[in-house]
Amino acid sequence: MSGSLEIKPIGIVVGGRAEPTDDHWGGHAIIRLNSDYPVEVVQGLEEFSHLLVVWHFHKASPDDVALHARSPRNNPAWPSTGTFVHRNHRRPNQLGQSFPRLLKVDGLDLHVADLDAIDGTPVYDVAPYFQQMGPRGEVRQPTWPGEMLGDYWAKDSE
């Protein structure tokens with residue numbers, strides 16, 4: 001393996017939810033890109049409906065990392081699965097990714113809906129979502145993610 005990589009935030013989440021919770025995500029927020037970037041960095045982005053956003057679970061502690069198997073949300077009804085089967089802050093680099101809807105671009109402010117990161121979250125990358133780079137072939141998963149995430153999105157966020 002190669003050495004570590006140092007990356008710096010390209011922006012920050014402004015607005016939206018103030019504290020993380022498991023369910024009922026939705027609503028609007030702004031991804032405010034660094035003010036020292038030229039506005040051309042977002043030229044053409046408004047033509048896309050969705051983004052891929054990489055961000056940091058900044059309220060998590062390195063002590064939260066859990067390199068072992070456990071049941072999702074500690075629910076014994078769901079199977080014990082390893083760290084890389086979960087999509088939460090207990091991962092080694094504590095990075096998250098989201099696919100919010102892009103509502104509008106206003107200078108270096110990206111207005112989005114359904115970003116499951118909270119106010120103040122450092123953003124490390126933003127890219128448009130390309131359908132052609134999405135999953136190929138049939139997507140499969142066990143039943144427990146559907147059961148667990150049935151209330152992940154707020155009813156009014158569609």
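The values are calculated or read from the model by the stated rules, or taken from the named source; none is laboratory data. Note that this is a predicted model, so its numbers are computed, not measured. Ideal geometry is used to build each Cβ from the backbone, glycine not excepted, and the neighbour counts take in all protein chains shown.
Would you pick out the residues in segment 127-158 that are within 21 Å of residue 52 (Cβ to Cβ) and outside any loop (DSSP other than H, G, I, E, B)?
Matches in segment 127-158: 127, 128, 131, 132, 133, 145, 153, 157.
Might you let me know whether segment 143-155 holds any residue that is of a type in the set (Val, Ile, Thr), out of contact with any helix residue (DSSP H, G or I) (no Cβ under 6 Å at 6 or more places or on another chain) and surrounded by 15 or more Cβ atoms within 10 Å (Cβ to Cβ)?
Pass one, segment 143-155, residues of a type in the set (Val, Ile, Thr): 143.
Filter again for out of contact with any helix residue (DSSP H, G or I) (no Cβ under 6 Å at 6 or more places or on another chain), leaving 143.
Going one step further and asking which of them are surrounded by 15 or more Cβ atoms within 10 Å (Cβ to Cβ), we end up with none.
Scanning segment 143-155, I find no residue that is of a type in the set (Val, Ile, Thr), out of contact with any helix residue (DSSP H, G or I) (no Cβ under 6 Å at 6 or more places or on another chain) and surrounded by 15 or more Cβ atoms within 10 Å (Cβ to Cβ), so the answer is no.
Test residue 113 against the criterion of being among the hydrophobic types (A, V, I, L, M, F, W, C), at pLDDT 90 or above and outside the structural domain of residue 127 (by TED's automatic domain parsing), and give yes or no.
no
Considering only segment 95-122, state which residues are of a type in the set (S, T, N, Q) and closer than 24 Å to residue 142 by Cα.
Residues satisfying the conditions are 97, 98.
Given (1) surrounded by 13 or more Cβ atoms within 10 Å (Cβ to Cβ); (2) under 27 Å from residue 133 (Cα atoms); (3) out of contact with any Asp or Glu (no Cβ under 7 Å at 6 or more places or on another chain), where does residue 30 come up short, assuming only one miss?
Checking residue 30 against (1) surrounded by 13 or more Cβ atoms within 10 Å (Cβ to Cβ); (2) under 27 Å from residue 133 (Cα atoms); (3) out of contact with any Asp or Glu (no Cβ under 7 Å at 6 or more places or on another chain), the one that fails is (3).
Which numbered condition in (1) more than 24 Å from residue 37 (Cβ to Cβ); (2) assigned by TED's automatic domain parsing to the domain that holds residue 45 is the only one that residue 124 fails?
Going through the list (1) more than 24 Å from residue 37 (Cβ to Cβ); (2) assigned by TED's automatic domain parsing to the domain that holds residue 45, residue 124 breaks only (1).
If residue 63 meets every condition in (1) among the acidic types (Asp, Glu); (2) at pLDDT 95 or above; (3) surrounded by fewer than 12 Cβ atoms within 10 Å (Cβ to Cβ) apart from one, which number is that one?
Single failed check for residue 63: (2).
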